[in-house]
Amino acid sequence: MSLIIMVRSRLTTGGFAEPVVSDTAKTLSKQGHRVILLAWDRTGKNEMTTATEWGTIWRYQEECPLNNATVFARKLPRFLAWSTWQILAFQKIEKDIILHYHDLDTLLGGVFTSKIGEIPLVYDCHENYPGLVEGAVSSIVAKWLHRLEARLLKHCHGIISAGPANYARISQMLELGTKAPFSSTEEEAFEVMNLSQRDFMNSKLTRVGNVKRLDAYPMRRIESRQKTDTFRLLYIGVLEKHPSRGIIETALTVSKMKGVQFDIGGFGTLVPTLKKLETKIPNMKYIGPIHPDNVPLQTIQCDAVLMALDPTNVNNRLSAPNKLFEAMAAGVPIITCKELLMGQMVEREEIGLTFEWGKWDRLKAVIMKMMFDEALCNGMGKRARRLAEKKHNWDFCEDRIGSLYKFVKKNAAIDA
C-alpha cells in the first residue's frame, strides 16, 4: 500500500491533529496505508515527532498567532518549503507516495510538490477558506483566493470536501473554473444533503465531513449519565474574535441566570478575556484546552451544546461544524442560530432549538425552555443520536475515503 503524507498548517491542543484529520488518518491506516502528518506547530513548544495509533506527526516548530493573517502569510512559505523538502527526501526511499494537503493555505505548496515530484495529490478542503477569512482580509484578497483555488483544483487528482455547501461550491468550481460563484446557495447545499452514498463514490470529488465515530460516544455512557440540578451548557472549540462564535455574548447572557453553568473549552486569543470574565461571572468557567480524546465525555456530560455563529460570515452561515456532530453523537440537544444552514437542519429534524443571531434575550429564552422541559430535551437528544446512527457517522466516510484513494491510484497508474 501507499505512504500517505499529509500536510496541515495547524494542530490542536497538545500538538495533536484535529478530529477530522485524525479520523481520516485512522481510516487510511486501517485500509493498509502508512501515514505521516507534516504539521505546523504554531506554539513551537511540542516535540518534533510523535507516534500515534495511525502513524507519525512531524512538527514544523515556529511560533505564529492563529488570528494574525499578516504574520501567518509571511511565515507560511517557510512551512510549505519545509514540507516539500521532507516529501522529496521521503521520495528517495519510497516509490509509492500520495500527498494529502489540508485546506487552501497549503494547496499551492501541494500542487508545486506534486508537479516536481510527479506524485498524486489529494486536496482535503475543510471549509470555504476565502469565505472564512473574508473580514479578516479585504474582499479583494478573498476573491483572489477564490480564483486561485479554482485554478489549483484542476491539478488535484482527488478532492475531499467537508460540508454540503462546500461540496456544491467545489462542484461548481470544477465545472466553471474562476467563473464559479464565491459560495453556493442554501438550496444547492440541501440538494447535496439529499444525495445517496453512491453519489460520493468512484469519482474525483467526495464528501467527508465532521461526523463522528460513534464508538467514541458509547450508548452505555449516554444512558448512564446523571441528571443534576444545574443546566450545563457547553462550548469546546476555537476561541477567536473573528469570525464570532458568540462566546462572550453567551457568557454575559447566562451571568444573570440561576441554575445555569456555561463551560468553555478550547484555545485562542479570547482566552485572556474569558479568564477575566470568569472572576466576575460565577456560573461561567473556562475549563482550558481539551484534548480531542476527552471531547466525547465532556459532551456526553452536558445538557446542551452551543453552536452560535455569526451568519454574516459566509463560511459560518453555510458550514457544518464539529459542534453539531459532537452533540448528535452524544445524544445532546443543540442550541444554534436560525440563520445558519445547519440551524435549519436542527429545526427540521427537531434535535435542538434556535434563536436569531444578536438577539441574546432569545438565547436566554431558549436556555430556560430547555431547563424547565426535561422531556423536550430528552426527546431532542434521542432524535439527534438516532440521526447520527442512521446518516451522520464516520462509517459512511470510511467507504468514501477508500473509494477516493482507489480512484486516485487507478488514474495515477493510467497517467504513468
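Laboratory data are not the source of any read-out in this text; all were calculated from the coordinates shown. Predicted model only: the values in this text are computed from it and were never measured. Glycine also receives a Cβ, built like all others from the backbone with ideal geometry; neighbour counts cover every protein chain displayed.
Brief remarks follow.
- Taking the DSSP beta bridges with both ends in region 215-390, the antiparallel portion is around 0 percent.
- Taking other C-beta atoms within 10 Å as the exposure proxy, Met345, Met201 rank Met201, Met345 from fewest upward.
- Between region 42-77 and region 334-351, the alpha-carbon center distance in angstrom: 34
- Given their separation in residues at 0.36 nm each and the Cα-Cα distance between them, Ser139 and Lys95 gain 11.6 nm when the chain is fully extended.
- The length gained by stretching the chain between Phe112 and Glu47 to full extension, at 0.36 nm per residue less their Cα-Cα distance, is 20.6 nm.
- Degrees between helix 69-91 axis and first principal axis of the chain (Cα, 0 to 90, nearest 10): 50
- Over all Cα atoms in region 215-390, the spread is summed up by Rg and Dmax: 14.8, 43 Å.
- FRET efficiency for Glu186 and Arg386, using Cβ-Cβ distance with R0 set to 30 Å, rounded to 0.05: 0.75
- Relative packing of peptides 330-340, 264-274 - highest average C-beta neighbours within 10 Å first: 330-340, 264-274
- Both numbers refer to the Cα atoms of the chain; Rg and Dmax are 21.0, 67 Å.
- Each listed q (0.16 Å⁻¹) maps to a log10 I(q)/I(0) for region 148-207 from the Debye sum over equal C-alpha point scatterers, namely -0.47.
- Exposure proxy for Glu347, Glu175: other Cβ atoms within 10 Å of each Cβ, ordered fewest to most, give Glu175, Glu347.
- Distant alpha-carbon pairs in region 121-273 (separation over 22 angstrom), percent: 58
- The antiparallel fraction among DSSP beta bridges confined to the chain stands at about 5%.
- When both region 157-229 and region 358-409 are represented by their alpha-carbon centers, they are found 13 Å apart.
- By the count of neighbouring beta-carbon atoms within 10 Å, fewest first, Ser403, Ser203, Ser161, Ser319 end up ordered Ser203, Ser403, Ser161, Ser319.
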